[in-house]
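The values are calculated or read from the model by the stated rules, or taken from the named source; none is laboratory data. Remember, predicted model here, so these are calculated numbers, not experimental data. Backbone-built Cβ (ideal geometry, glycine too); neighbour counts: all protein chains shown.
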Amino acid sequence: MHVELHPRFAGTGEGESARALTAACVHCGFCLSTCPTYLDTRDERDSPRGRIYLIKHLLESGAASAQTQLHLDRCLTCRNCETACPSGMQYGELLDIGRGLMEHEAPRPAVDRGVRWMLRFVLTRPRLLAAALRVGQALRPFVTEQLRQKIPPRQMRDAEHNPAHSPAPARAHERSMLVLEGCVQRAATPIPMPPRGAYCDKLGIGLISAPQAGCCGAVNYHLAAHDAGLDDMRRNIDAWWPYIESGAEAIVSSATGCGAMLVDYGRLLADDPAYAEKARRVSALTRDLAQILLHEDLRALAVDTQVGKVAVHPPCTMQHALQQPTLLEDVLRKAGFDIATTVEKLLCCGSAGTYSILQSDTSERLRATMLNALTHDRPALIATANIGCQLHLQAAAAVPVVHWIELLDKP
Ligand code: SF4
Ligand code: SF4
């Protein structure tokens, strides 16, 4: 697809990148049948190809309409379309650029901007988020059902009282890895965080949480606050670098949404001379926790596999950004769990970062479809690998939805 850049974008880094990315699209439409929003609305403008045309128009005219904003906002950034595209379209990268330009060309109403600012401010601060959840929990009986579904019940957010979160006595291990705890995960669920989970000691791996590290940058970056997202990344690189120089073997994430952001650090900071090389190193060292455990001898964990059938939910970020579509099922099979069958190819559950808050109607329809697919074989529980998906699915699921590491971690 050829793009004649508007003079304002010609010669700029973002404009030229967007032009090169758009050129990969050959209009074939193979991506349409894999796009959850197109399948939901059947409107071409809610498909990958339609959105590429909208971004092309923005690049050529230098203007974005409210319609462009609507259809780009409706994209889940699930990247199903990338996996389906025979032409190698890097759609997620193009969408990030398009959304960034759109924020300048089509400023949002003050209320929209306020909501987005609030989300970025609260979600990236675990203590503030935990306090907000406590307030929400107290108000749960008095709010609408739709709002109630957005507030995790008490047992899912009381992380600080979970024994698995008590600092364990330090033990020396030959192997050391850095871990990104994840800001939303830390505040909202009681999953055994990697530095403290019993499985670390049993496998002989020392996991380090750098005190100055924080949000991976995904919340800011995907809400088009690119500068704030890049600052999050630089702060994390500074926090991790001394450990990397001391020989940390990997940077481990237990939330695939965060892991997907970490593997993009190298690309996103490529033009920053002070951080480009370090960012590439961080991306190369990034591993999902399941990638680590898949290569370990899990017999050491003495896992109780008699929990009934487990339905596996591989988040979009695991399937398409990390390109590990079978990883979660592989690690659970290796541990000995009975895996439930699902009825169709699993598209997006509708969580998608802040999407479940900002586009709640579409999000709830996609969740219902996903839960139908996951529970077809009557599983005892659903296991996923991303905090947002876990909270979103649990709000409407008839069976427990857990982070998979909860099944493997026994103190
Ligand atoms: S499959 Fe790829 S090349 Fe074909 S329309 Fe979709 S994005 Fe364009
Ligand atoms: S990222 Fe997902 S929702 Fe967005 S266009 Fe691609 S397939 Fe559709």
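Quick notes on this structure:
- Hits in segment 241-263 - residues which are crowded, with 24+ Cβ neighbours inside 10 Å, in contact (Cβ under 8 Å) with a residue 60 or more places away in the chain, part of a helix (DSSP H, G or I) and among the hydrophobic types (A, V, I, L, M, F, W, C): CYS258, ALA260, LEU262
- Exactly one residue among ARG51, ARG42 is under 25 Å from SER363 (Cβ atoms) and near ligand 2 (Cβ under 9 Å from one of its atoms), and that residue is ARG51.
- The single condition among (1) of a type outside the set (A, V, I, L, M); (2) touching a helix residue (DSSP H, G or I) at 6+ places or on another chain (Cβ under 9 Å); (3) not in a helix (DSSP H, G or I) that GLY98 does not meet is (3).
- Just one of (1) surrounded by 15 or more Cβ atoms within 10 Å (Cβ to Cβ); (2) more than 14 Å from ligand 2 (Cβ to nearest atom) fails for THR37. It is (2).
- Test: residue in segment 59-69 that is within 16 Å of ligand 1 (Cβ to nearest atom) and assigned to a helix (DSSP H, G or I): yes
- Among the conditions (1) in a helix (DSSP H, G or I); (2) crowded, with 21+ Cβ neighbours inside 10 Å, CYS75 misses just one, which is (1).
- The conditions of being more than 18 Å from the chain's Cα centre (by Cα), away from ligand 1 (no atom under 16 Å from the Cβ), in a helix (DSSP H, G or I) and buried (at least 16 other Cβ atoms within 10 Å of the Cβ) are not met by LEU391.
- Enumeration of residues in segment 84-93 that are within 9 Å of ligand 2 (Cβ to nearest atom) and surrounded by fewer than 21 Cβ atoms within 10 Å (Cβ to Cβ): ALA84, GLY92
- All conditions but one from (1) over 21 Å from the mean Cα position of the chain (by Cα); (2) without any contact (Cβ under 8 Å) to a residue 60 or more places away in the chain apply to ASP40; the one that does not is (2).
- Filtering segment 86-95 for residues that are of a type in the set (Ser, Thr, Tyr), within 14 Å of ligand 1 (Cβ to nearest atom), free of Cβ contacts under 8 Å to residues at least 60 places away in the same chain and not in a helix (DSSP H, G or I) leaves an empty set.
Residue-by-condition table, conditions (1) more than 22 Å from LEU70 (Cα to Cα); (2) in the same structural domain as ASN80 (by TED's automatic domain parsing); (3) within 14 Å of ligand 1 (Cβ to nearest atom); (4) not hydrophobic (A, V, I, L, M, F, W, C):
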{"site": "MET1", "(1), (2), (3), (4)": "yes, no, yes, no"}
{"site": "PRO7", "(1), (2), (3), (4)": "yes, no, no, yes"}
{"site": "ALA24", "(1), (2), (3), (4)": "yes, yes, yes, no"}
{"site": "CYS28", "(1), (2), (3), (4)": "yes, yes, yes, no"}
{"site": "LEU32", "(1), (2), (3), (4)": "no, yes, yes, no"}
{"site": "CYS35", "(1), (2), (3), (4)": "no, yes, yes, no"}
{"site": "ASP40", "(1), (2), (3), (4)": "no, yes, no, yes"}
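- Qualifying residue in segment 124-139 (condition: within 20 Å of the chain's Cα centre (by Cα), in a loop (DSSP other than H, G, I, E, B) and modelled with pLDDT of 85 or more): yes
- Per this entry, ARG49 is counted among residues that are at pLDDT 95 or above, in a helix (DSSP H, G or I), within 13 Å of ligand 1 (Cβ to nearest atom) and not hydrophobic (A, V, I, L, M, F, W, C).
- Any chance CYS75 is under 16 Å from ALA224 (Cα atoms), under 24 Å from the mean Cα position of the chain (by Cα) and within 9 Å of ligand 2 (Cβ to nearest atom): yes
- Selection status of THR22, out of contact with any Phe, Trp or Tyr (no Cβ under 9 Å at 6 or more places or on another chain), within 16 Å of ligand 2 (Cβ to nearest atom) and within 27 Å of LEU346 (Cβ to Cβ): no
- Checked against (1) in a strand (DSSP E or B); (2) crowded, with 21+ Cβ neighbours inside 10 Å; (3) not aromatic (Phe, Trp, Tyr), VAL402 passes all but condition (2).
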